[in-house]
Amino acid sequence: MSKYINLGQSLTQRFIRYAAIDTQSDPDSTTCPSTLKQKNLGTLLVEELIEMGISDAEMDNNGYVYGTIPSNTDKKIPVIFFCSHMDTSPDCSGNNVKPIIHDNYQGEDLILPDDPNIVLKMSEHRDLKHQIGHDIITASGTTLLGADNKAGIAEIMEAANFLIQHPEVKHGKIKILFTPDEEIGRGVDQLDVKKLGADFGYTIDGETLGSIEDETFSADGATLVIHGVSTHPGFAKGKMESAIKILTEVISALPKDNLTPETTHQKEGFIHPVSISGQVEQAEAHFIIRDFTDEKLTAHGQLLENTVKNVISRYPNATFSLDIKAQYRNMKQILDQHPQIVQYGIEAIERAGITAKKQSIRGGTDGSRLSFMGLPCPNIFAGEHAFHSKQEWVSVQDMEKAVQTIINIACIWEEKS
């Protein structure tokens, strides 16, 4: 379907427009969306959807954006949706993002002007070697770019506009979904599945050109609270049992040469402390636990518990509580039951003239939880790289291929139904 597409500068301009809006989410907030500023982008997206002819576009009170591209075929076709998230990561500032286009990249170091210490080097970003001649977009050096996931949003919007403008391209009913708070693990907490009204979908939130991901980590979160014994430090001999020190002993006793993010790759999981706080009397740590099978995930949780029990056994008056909760599960468990969803995604990528790469994600997407909500949902590349950092970048040409892939998916489901 690439022969129909002439994006010109519209995709680039669309992405830059979205990237300039601060949509950083906040894990400490209890509202939905976690930050009201995410609705600023949602409002713009609804306006643009309505302007392009998607008359039912709306944003609900929780910041979810919905819209429908009507079917233009007589065939009975499953309703598919395309989804990206509006928020950017709390790990790096998203305030006053200044996107910069580096035209016709030739392999040189990209020095970001607002902080010359931020330099993108091909030796450190392996995918840059495939970008010779491409137009690379970065931020200016003081913020993230927001390609995760505004590249995906721009690509879905561009594909939607194309399908509305080209009724000769046949497709079934297509739903559009933009979610808040994916970066803090709440992307589908308040999703109205009935309003969405779809059978399955594709998140557009992947990295390398051509990638399609049908497998994620399974994930648990753990909260460990140590209750120590506090007393005046001048009279503490034989009495004090510091919760802070006990907690640091627990963390120190966990594996260091494996089961950590910095020592694992591919299909290896980990136990990772992400925050600690406390005083002598009580200290608390939060962990994320990850692996690709539920059995290994359970084993990691048991290892954490056994480590805590072993350490605290040396402190007769201290106690602990450990609360392990499920966060999401490997979407492959669901997608393997619906192989055509991934197969058609692979075919769509190849029709765009690129090699499809079926991969696993060392992380999760909205698709992980959507799959277990009855909406099987693999992840398609958006072209974003070095996300959550000031070195984040995206290729305009890779984004164009993502648009083509989205359109191809819509066409393939119509053709094969």
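Of the residues making up the stretch 17-45, those that are outside any loop (DSSP other than H, G, I, E, B) and open to solvent by less than 20 Å² (accessible area, probe 1.4 Å) are TYR18, ALA19, GLN38, LEU41, GLY42, LEU45.
Taken over the stretch 328-356, the criterion of being open to solvent by 80 Å² or more (accessible area, probe 1.4 Å) and in contact with a Gly (Cβ under 6 Å, 6 or more places away or on another chain) is satisfied by THR355 alone. You will find that of ILE80, ILE111, ILE156, ILE174, the residue that is more than 16 Å from ILE204 (Cβ to Cβ) and at pLDDT 95 or above is ILE111 and no other.
Checking SER371, SER321 one by one, the residue that is surrounded by 17 or more Cβ atoms within 10 Å (Cβ to Cβ), hydroxyl-bearing (Ser, Thr, Tyr) and outside any loop (DSSP other than H, G, I, E, B) is SER371 and no other.
Cβ-Cβ contacts under 7 Å between residues 6 or more apart (or on different chains), taken from a first residue in the stretch 384-409 that is part of a helix (DSSP H, G or I) to a second residue that is open to solvent by 10 Å² or more (accessible area, probe 1.4 Å) and small (Gly, Ala, Ser), are listed as GLN404/SER2. Among the residues here, ASP220 qualifies as open to solvent by 10 Å² or more (accessible area, probe 1.4 Å), part of a strand (DSSP E or B) and in contact (Cβ under 8 Å) with a residue 40 or more places away in the chain. Only one of (1) out of contact with any Leu (no Cβ under 6 Å at 6 or more places or on another chain); (2) among the polar types (S, T, N, Q); (3) on the phi < 0 side of the Ramachandran plot is not met by ASN96, so which one is it? So the condition that ASN96 fails would be (3). Looking only at the stretch 237-270, residues that are over 30 Å from LEU370 (Cα atoms), open to solvent by 20 Å² or more (accessible area, probe 1.4 Å) and assigned to a loop (DSSP other than H, G, I, E, B) come to 8 in all.
Count of the stretch 53-97 residues, restricted to those that are among the polar types (S, T, N, Q), more than 30 Å from LYS390 (Cβ to Cβ) and not in a loop (DSSP other than H, G, I, E, B), is 1. Please state which one of ASP74, ASP87 is surrounded by 20 or more Cβ atoms within 10 Å (Cβ to Cβ) and of a type in the set (Asp, Glu). None of the others qualify; the one that does is ASP87. Among the residues of the stretch 273-292, those that are open to solvent by less than 70 Å² (accessible area, probe 1.4 Å), within 24 Å of GLU182 (Cβ to Cβ) and not small (Gly, Ala, Ser) comprise PRO273, HIS286, PHE287, ILE288, ILE289, ARG290, ASP291, PHE292. For the stretch 181-211, taking the residues that are aliphatic (A, V, I, L, M) and closer than 28 Å to LEU36 by Cβ, the one that is surrounded by the fewest Cβ atoms within 10 Å (Cβ to Cβ) is identified as VAL193. Under the condition of being open to solvent by 70 Å² or more (accessible area, probe 1.4 Å), in a loop (DSSP other than H, G, I, E, B) and under 18 Å from LYS390 (Cβ atoms), the residues counted in the stretch 101-120 number 5.
Annotation: of all residues in the stretch 164-177 being under 12 Å from LEU49 (Cα atoms) and open to solvent by less than 10 Å² (accessible area, probe 1.4 Å), the one that is nearest to the chain's Cα centre (by Cα) is LEU177. In the stretch 121-152, of all residues being of a type in the set (A, V, I, L, M, F, W, C) and not in a loop (DSSP other than H, G, I, E, B), the one that is surrounded by the most Cβ atoms within 10 Å (Cβ to Cβ) corresponds to ALA151.
The values are calculated or read from the model by the stated rules, or taken from the named source; none is laboratory data. As the structure is a computational prediction, the values presented were derived from the model and not from experiment. Glycine also receives a Cβ, built like all others from the backbone with ideal geometry; neighbour counts cover every protein chain displayed. Remember, those area values only see protein heavy atoms, side chains included, never the ligands or the DNA or RNA. Shrake-Rupley method; radii C 1.70, N 1.55, O 1.52, S 1.80 Å.
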